[in-house]
């Protein structure tokens with residue numbers, strides 16, 4: 001076995017194949033599930049991703065709030081697909097696409113040919129036309145985003161500790177989160193715990209428990225995808241943690257000193273963007289997109305007008321049972337990947353057209369601070385500690401790779417018992433990582 | 001208790017103290033041990049560090065080779081010193097020092113006054129006057145360094161996998177490590193394992209086990225600080241792991257394509273610098289320095305000509321029993337910190353001059369690949385598996401903080417059983433973390 005593989009490697013060593021039967025763009029939940037299914041059937045698949053790792057996005061807010069470390073929620077894509085010998089992985093960014101010629105190009109200049117193409121490159125945050133706000137209010141989509149937000153929050157405390165001006169201290173200890181969906185609610189609860197418990201005894205001049213956390217939502221209530229009872233529960237729980245919730249409030253400006261909401265300046269030491277979603281720019285190469293930039297697909301996940309090209313996950317607007325597009329959830333992406341993977345195996349073997357996709361909701365969850373959550377399935381609605389436990393068990397189980405499961409469990413257990421957080425590192429982001437003169441001179445923490 | 005502290009915090013809230021009885025520059029092994037001793041006695045101490053975290057440097061090579069994650073070998077300095085209520089921590093970089101006026105300045109512009117000053121700001125890597133080499137051959141001193149080296153190594157494999165030119169593939173799969181001290185030996189062994197075991201089945205075109213690892217040492221043998229038997233053992237063990245050791249070889253040039261050694265070009269996909277040490281630039285402000293830029297101190301760790309100013313750890317050249325300066329080891333730094341801390345407590349209480357420092361060696365260790373190490377104490381010399389076990393137990397025990405100990409143990413056990421490494425992430429270093437246009441466009445992996 002070992003020997004046979006080595007021979008195979010040697011044979012291929014000088015022939016890097018630039019085409020694949022199925023090319024998959026994106027190694028997220030959708031792309032991985034699809035590649036797994038095609039790989040099981042031994043089909044020739046090439047997965048292209050900008051990163052070398054798959055990211056377990058539902059736990060990304062825990063990296064941003066120093067509860068977990070980056071490596072605990074990410075796995076190399078190669079490792080995940082290692083046993084599927086017919087699946088290849090390429091780290092690269094797709095820069096262009098010609099659906100007719102069955103070709104795409106990477107930013108590195110390489111040309112890749114395909115017979116079938118599956119676009120699953122996901123979404124990024126949208127600033128409703130105010131892309132300049134991104135500088136002051138980072139969103140949360142990648143590990144880099146999470147590290148940046150973590151540094152920003154922790155640096156605000158460091159700056160406040162040394163600041164002689166009480167008004168500036170109040171500003172630095174104000175954190176604003178824009179967007180009252182699950183990510184915003186989870187961030188608010190997690191930052192509240194960080195300031196009230198984890199950091200409580202670390203400073204001498206400031207009291208981190210005085211941190212003023214504001215969660216701003218443009219719509220009438222938090223967690224719009226859940227029931228009104230869930231919104232009320234989240235609002236009450238967050239209030240108990242000291243979070244101020246402002247619904248029906250539109251952010252009009254974001255700058256270095258804070259945000260402006262309904263004409264009123266809200267000074268802040270850190271602003272985090274958890275609103276707005278924009279699909280990956282690749283969508284535009286495939287024609288019609290909706291308001292969020294998503295590709296409209298038919299119920300079989302095919303892109304109309306482009307035979308043999310499919311889109312799924314957050315980049316696709318796939319009609320649900322009520323006609324509205326399915327939400328951008330990990331479970332939607334995963335089910336779509338599994339479904340299309342199985343359908344494409346059949347299609348490649350027998351030529352039959354893929355069957356339509358049906359979404360089976362496993363229920364929706366959002367975490368509201370320490371050991372409280374809302375869970376809403378088709379038959380049950382749970383709120384509080386029991387929902388949190390269910391969420392924790394399911395997420396630990398779902399985390400890709402056994403190693404991560406063990407570590408995350410240990411980490412959680414420890415954190416649950418002690419309020420301690422180990423990942424409280426302020427990243428030392430240097431403008432040019434290669435410049436030697438900079439190496440010994442990181443940016444000063446205050447500007 | 002809780003209440004009393006809150007009152008104290010409130011009192012201090014508007015009065016940020018800019019002076020301290022003892023100011024400590026650096027939160028490494030020396031600075032922390034010193035602050036602990038002074039804090040136990042309730043003395044007024046201010047610890048200044050460029051980072052918010054203490055780094056367990058002896059395990060840094062494991063972050064660089066994807067075996068551990070950053071957060072597992074770093075702890076916030078505030079957390080470590082949390083219980084010492086008279087000790088304050090300030091994140092900042094010292095830009096200047098006036099020993100006569102008893103003042104120093106931070107890059108942020110703040111002025112700090114002191115009665116006694118302890119300089120423990122450590123060392124960085126030295127390129128023997130070729131600072132431009134740093135661009136191509138990063139050294140290993142900080143978490144950022146480790147992440148950069150990890151990305152560089154993993155990217156070399158990613159590039160090789162897609163490269164059609166066999167000669168370029170050979171270059172990409174060549175890794176050169178400069179410096180045959182413990183760090184160089186540990187890196188070589190760890191990279192050998194990474195390529196031969198961890199990555200073995202992850203690629204389709206290349207065989208990572210073909211990676212050519214070369215360890216270059218200018219002196220006549222590896223591990224110069226150990227016995228000749230230890231050097232032989234390390235050389236044999238590394239050879240068994242597939243590492244080519246070249247001693248008595250001087251690096252003459254380093255560039256984007258590799259290194260030049262003794263007139264011969266050695267193409268490489270990644271070059272790592274584990275040679276040369278240079279003290280932190282602060283040393284120059286205090287007068288006389290040795291060849292490595294270290295401050296010459298007297299046996300009491302005092303800086304001659306500057307009463308009340310001390311230097312210890314890697315920045316200090318402190319004479320050992322044989323008259324030669326003590327080596328730059330964590331245990332030297334820690335013992336110096338404990339010693340000077342106790343002496344300064346006595347000095348501040350009674351006015352007696354600090355007593356001279358005596359180093360008690362606990363033995364020297366270096367790891368040579370998987371479960372093999374050399375350990376040399378005053379009475380014993382161990383080599384092989386038993387030395388490795390001793391090293392592992394001691395290092396896990398020494399790691400600051402219980403949480404890290406648990407996690408690192410789990411990680412090690414898992415890795416030992418499976419050759420698996422979880423921290424295989426390629427960092428997405430963006431030139432300007434704040435620029436929104438860049439946010440969705442990381443640098444392509446090939447240039």
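The values are calculated or read from the model by the stated rules, or taken from the named source; none is laboratory data. Treat the numbers as computed from the prediction; the structure is a model and nothing was measured. No Cβ is skipped: glycine too gets one built from the backbone with ideal geometry, and neighbour counts run over all protein chains shown.
Residue-by-condition table, conditions (1) surrounded by fewer than 23 Cβ atoms within 10 Å (Cβ to Cβ); (2) under 20 Å from residue B:101 (Cβ atoms):
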| residue | (1), (2) |
| --- | --- |
| B:269 | no, no |
| B:289 | yes, no |
| B:300 | yes, no |
| B:311 | no, yes |
| B:314 | no, no |
Considering only segment A:278-287, state which residues are within 14 Å of another protein chain (Cβ to nearest Cβ) and surrounded by fewer than 19 Cβ atoms within 10 Å (Cβ to Cβ).
A:281, A:284
Any residue at all in segment A:57-78 that is assigned to a helix (DSSP H, G or I) and within 18 Å of residue A:343 (Cα to Cα)?
no
One residue is enough: does segment B:210-217 have a residue meeting the conditions assigned by TED's automatic domain parsing to the domain that holds residue B:161, within 23 Å of residue B:63 (Cα to Cα) and modelled with pLDDT under 95?
yes
Condition test on residue A:78, is it more than 24 Å from residue A:306 (Cα to Cα), outside the structural domain of residue A:338 (by TED's automatic domain parsing) and buried (at least 23 other Cβ atoms within 10 Å of the Cβ)?
yes
Which numbered condition residue A:37 misses (of (1) under 28 Å from residue A:303 (Cβ atoms); (2) in contact with a strand residue (DSSP E or B) (Cβ under 9 Å, 6 or more places away or on another chain)):
(2)
Say whether the condition of being at pLDDT below 95, within 23 Å of the chain's Cα centre (by Cα), in the same structural domain as residue A:310 (by TED's automatic domain parsing) and assigned to a helix (DSSP H, G or I) is met by at least one residue in segment A:221-241.
no
For segment A:151-181, name all the residues that are more than 14 Å from chain B (Cβ to nearest Cβ) and crowded, with 24+ Cβ neighbours inside 10 Å.
A:175, A:176, A:177, A:178, A:179, A:180
Output yes when any residue across segment B:294-313 is in contact (Cβ under 8 Å) with a residue 60 or more places away in the chain, over 19 Å from the mean Cα position of the chain (by Cα) and assigned to a helix (DSSP H, G or I), and no when none is.
no
Residue under question is residue B:333, and the condition is that it be touching a residue at least 24 places away in the same chain (Cβ under 8 Å), at negative phi, touching a strand residue (DSSP E or B) at 6+ places or on another chain (Cβ under 6 Å) and crowded, with 19+ Cβ neighbours inside 10 Å; does it hold?
no
Is it fair to say residue A:194 is at pLDDT 95 or above, assigned by TED's automatic domain parsing to the domain that holds residue A:251 and crowded, with 24+ Cβ neighbours inside 10 Å?
no
What tally of residues in segment A:116-137 results from selecting those that are farther than 24 Å from residue A:285 by Cα and either facing another protein chain (nearest Cβ under 9 Å) or free of Cβ contacts under 8 Å to residues at least 24 places away in the same chain (or both)?
5
All but one of (1) at pLDDT 90 or above; (2) more than 7 Å from chain B (Cβ to nearest Cβ) hold for residue A:107; which doesn't?
(2)
Qualifying residues in segment B:88-102 (those that are away from chain A (no Cβ under 12 Å) and closer than 26 Å to residue B:334 by Cα) - the one surrounded by the fewest Cβ atoms within 10 Å (Cβ to Cβ):
B:96
In segment A:150-175, residues that are assigned to a helix (DSSP H, G or I) and farther than 17 Å from residue A:63 by Cβ total 14
Quick one: in segment B:359-393, of everything that is out of contact with any strand residue (DSSP E or B) (no Cβ under 9 Å at 6 or more places or on another chain), at pLDDT below 85 and in a loop (DSSP other than H, G, I, E, B), which residue is nearest to residue B:68 (Cα to Cα)?
B:370
Please state which of the following conditions residue A:340 fails to meet, knowing it meets all the rest: (1) surrounded by fewer than 17 Cβ atoms within 10 Å (Cβ to Cβ); (2) more than 19 Å from residue A:124 (Cβ to Cβ).
(1)
